[in-house]
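A short write-up of the structure that comes next.
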Amino acid sequence: MDEIGYRATVFSLEGIVGNQREYIQWLVSECTMSDIPISDILDAEAIELLAARLRTPLQIEQHLTLALEAAYRVAVKPVTEVIIESVLSKFLDARMFWV
């Protein structure tokens, strides 16, 4: 096992931790026309809530898609913090332990 350990390289994959807000802003700007401000799509409070509760790009993309679809169904523009709360998974902060 020592031989394997000497040949292994350890990588730290921090991802976007600490940069969720910037990732959300970048993602929305890349998916929209350049002349549309992000404030027309998402409230500042909605961005803050997404950035605070979500950790990975996959979580952010999934919940942002759900929020945009929910806002479209109820004809709300921009997406508000209330809509974000309604689509966030209730198990995001839960820790599951298997016995």
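Quick note: the coordinates plus some simple rules give every number you see, no bench work behind them. Here the structure is a predicted model, which means the values were calculated and not measured. Please note: Cβ atoms are built from the backbone with ideal geometry, for glycine as well, and neighbour counts cover all protein chains shown.
Can you tell me what percent of all Cα-Cα pairs in region 16-87 are more than 17 Å apart?
On the way: 900 of 2556 pairs.
Here the tail beyond 17 Å accounts for 35 percent of pairs.
For region 16-87, the relative contact order works out to 38 percent when only alpha carbon pairs closer than 8 Å and six or more residues apart are counted. Annotation: the residues 79, 28, 74, sorted from fewest to most other C-beta atoms within 10 Å of their own C-beta, follow the order 74, 28, 79.
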